[in-house]
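What follows is a set of notes on a single structure, which appears directly below.
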Amino acid sequence: MPNAQLTVHQPNLPPRHVSFPPPTITLGRAVECSVPIRDRFLSRHHAEITLEDGHWMVRDLGSVNGTLLNGVRLTAPAALKPGDRIGLGDTEVVFESGATTAQSQLISVDSSSQAKAIAIRARDLDETVMGREREKTSVLTDLAVEFIEDRPQEQLFDFILDRVVEVFDPSRAALALLENGQFTDVHLRRRDASDSTDLVISKTLLGEVIEERSVISFVDTGADEKLAQAKSLIGQQIRSAVCAPLLVRDTVLGVLYLDFLAQRGLVTASDLKLIAQFARFAAAKLETTRLREEATAKARMDAELRTAYEIQSRLLPAELPKLDGYLFAARNKPCRTVSGDYYDVVVRPSGRIYFVIADVSGKGITAALVMASLATAFDIYTRNDPTPAELVRRINETIAPKTAPSKFATLFAAVLDPATGVIDYANAGHVPPLVISNDGARPLTITDMVVGLFPTAKYRDQQVRLLRGDSLVLFTDGVTEAENALEEQLGLTPVTRMLDGAHGAPATEIVARIETHVQEWCGGTPAGDDVTMLALTRI
């Protein structure tokens with residue numbers, strides 16, 4: 001059964017191509033998973049892909065946030081088809097079955113022993129004594145000149161194989177990159193268009209190519225006892241073959257493979273040295289091309305993110321309103337360039353003050369897009385002076401039909417009557433806000449459904465009153481779920497205790513205290529989530 005080919009897509013990161021043999025592939029946050037994924041919405045062991053009765057199946061492993069297959073939440077194991085998309089938090093994994101793609105059938109690894117006729121370590125090659133005919137060795141000079149020209153990586157594979165075929169006239173030639181011990185980005189040329197057999201390379205000899213950095217000729221027909229051991233080569237009617245490492249400094253990027261079927265010629269030591277030089281040029285150019293394309297892609301992404309940041313920053317209030325008897329303070333710290341967190345304060349002509357804080361699931365561009373939709377909906381619906389519950393209901397009714405099942409938002413919306421200090425509010429699954437009074441700090445724990453999942457969700461109005469010196473403190477889960485070096489989360493209770501004696505403190509000081517507390521808890525651990533705070537003090 002061919003390997004399972006997977007492409008892992010994560011926000012703000014280039015796609016990662018991986019390949020795994022049967023029977024089981026695990027996906028999750030734990031480092032021991034086959035595909036470890038740094039995504040805070042994943043469980044340590046989130047999902048697995050297994051080969052069962054000849055079919056690849058995907059199943060959720062009891063994860064907290066669930067697994068999606070083509071946008072539908074998995075409730076039972078499901079069969080995978082090429083092109084299927086597996087949703088894991090902010091991550092999407094595209095499945096490509098090896099059974100239908102030529103790439104996965106090109107080269108496989110055979111555990112049988114194959115005969116080795118010639119082996120030359122790459123570091124021992126001497127270009128000046130290759131011993132090939134002048135017209136062939138001159139190809140290296142021509143190749144070096146042609147390599148000066150920059151080409152896209154896909155074109156570069158074809159260019160290298162064109163030159164290999166031109167010089168050596170092999171029956172088959174392949175370039176294959178390696179990742180986690182598996183072949184990826186395999187490109188193959190066959191002299192006989194009707195040839196559909198797989199390439200099979202001995203695990204032992206492949207290991208020597210990689211571990212010893214050696215260029216190896218597999219078969220010498222002058223040694224019958226070796227041919228007798230090379231069963232996989234006999235089965236493919238290969239008379240001789242060469243495998244050379246694509247070596248950059250001491251790192252093997254992949255292999256260059258050539259073979260010659262029974263009717264073709266043998267491979268000599270001078271051939272081996274010339275092929276090794278091809279592999280050296282190919283490796284160097286492939287690596288520089290990869291670095292150039294990654295740098296170009298990163299620069300493009302950085303430019304787009306800067307533009308997105310500029311647009312998003314305009315959605316947050318440039319300054320908070322100044323009110324007699326009240327003081328607002330806020331802080332927004334994205335863990336990436338753009339954020340899925342949102343807050344705003346709006347003063348209505350009636351004198352009532354609407355304010356909101358929200359946290360879209362996930363991070364990066366996708367979360368920022370949903371955040372922009374929330375901001376627009378909040379701005380529109382507050383113009384009719386609704387109750388908080390009605391406001392949240394309308395926002396949810398607008399957002400839910402237009403977002404993916406994995407995209408939702410927690411949201412706390414409220415309206416303040418400055419004359420009385422009464423705050424009416426509705427909580428849609430958001431972190432419990434804290435009320436700081438003479439009695440200390442306490443959370444407002446009653447909450448309803450998050451927004452973005454069900455268009456018909458209902459919400460309740462609740463109420464709290466601020467006296468002089470009292471404060472209402474709102475924050476996203478970037479505060480309560482901040483992790484230290486041991487991956488321990490801060491939690492709501494320590495924040496509540498820390499603010500027990502903060503009655504009478506202005507909102508600016510309360511926000512600063514929380515920020516310092518989070519920083520001390522995390523130490524040098526980088527923030528894993530956006531951190532947003534909004535505080536209101538009656539003075």
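The values are calculated or read from the model by the stated rules, or taken from the named source; none is laboratory data. In this text, all values refer to a predicted model and were calculated from it rather than measured experimentally. Using ideal geometry, Cβ is built from the backbone for each residue, glycine included, and neighbour counts are taken over all protein chains shown. Protein only, heavy atoms only, side chains kept; ligands, DNA and RNA dropped before computing areas. Shrake-Rupley method; radii C 1.70, N 1.55, O 1.52, S 1.80 Å.
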| request: Could you tell me which of 297, 401, 349 has its Cα farthest along the dipole of region 279-427 towards the positive end, charges placed at Cβ (Lys, Arg +1; Asp, Glu -1), taken about the Cα centre? | output: 297
| note | The aspartates and glutamates whose Cα lies under 13 Å from the Cα of residue 458, excluding any fewer than 8 residues away in the same chain, are 390, 397, 448
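Between their Cα atoms, which of 81/402; 285/363; 298/402; 285/333 are more than 32 Å away from each other?
Table pairs above 32 Å Cα-Cα are 285/363; 285/333.
Just to confirm a number: summing +1 for Lys and Arg and -1 for Asp and Glu over residues other than residue 85 whose beta-carbon lies under 14 angstrom from that of residue 85, what do you get? Don't jump to the answer; show the numbers that get you there.
Working: positive: 73, 81; negative: 84, 90, 92, 96.
My count for the surroundings of residue 85 gives -2.
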| message | Using alpha carbons only, how many angstrom separate the centre of region 147-172 from the centre of region 273-349? | response | 37
| Over all Cα pairs of region 416-461, how is the pair count split among 10 Å bins, expressed in % and running from 0 up to the last occupied bin? | 23, 42, 27, 8
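What net charge do the residues around residue 44 carry, taking every other residue with its C-beta under 14 Å from that of residue 44, with Lys and Arg at +1 and Asp and Glu at -1?
On the way: positive: 29, 38, 40; negative: 32, 39, 48, 60, 483, 487.
Net of charged neighbours comes to -3.
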| said: In whole percent, and with a 1.4 Å probe on the protein chains, what portion of the accessible area of region 396-439 is carbon and sulfur? | reply: 53
| If r is the Cβ-Cβ distance from residue 498 to residue 158 and R0 is 56 Å, what FRET efficiency results, to the nearest 0.05? | 0.35
| task | Lys and Arg at +1, Asp and Glu at -1: add these up for the other residues within a Cβ distance under 10 Å of residue 377 and post the number. | result | -1
| task | Compute the projected area of the convex hull of the Cα atoms of region 393-539, averaged over all viewing directions, and report it in nm² to one decimal place. | result | 9.3
| query | Residues of region 497-539 with amide nitrogen under 20 Å from the 7 Å Cα-to-Cβ point of residue 64? | reply | 518-519, 521-523, 525-532
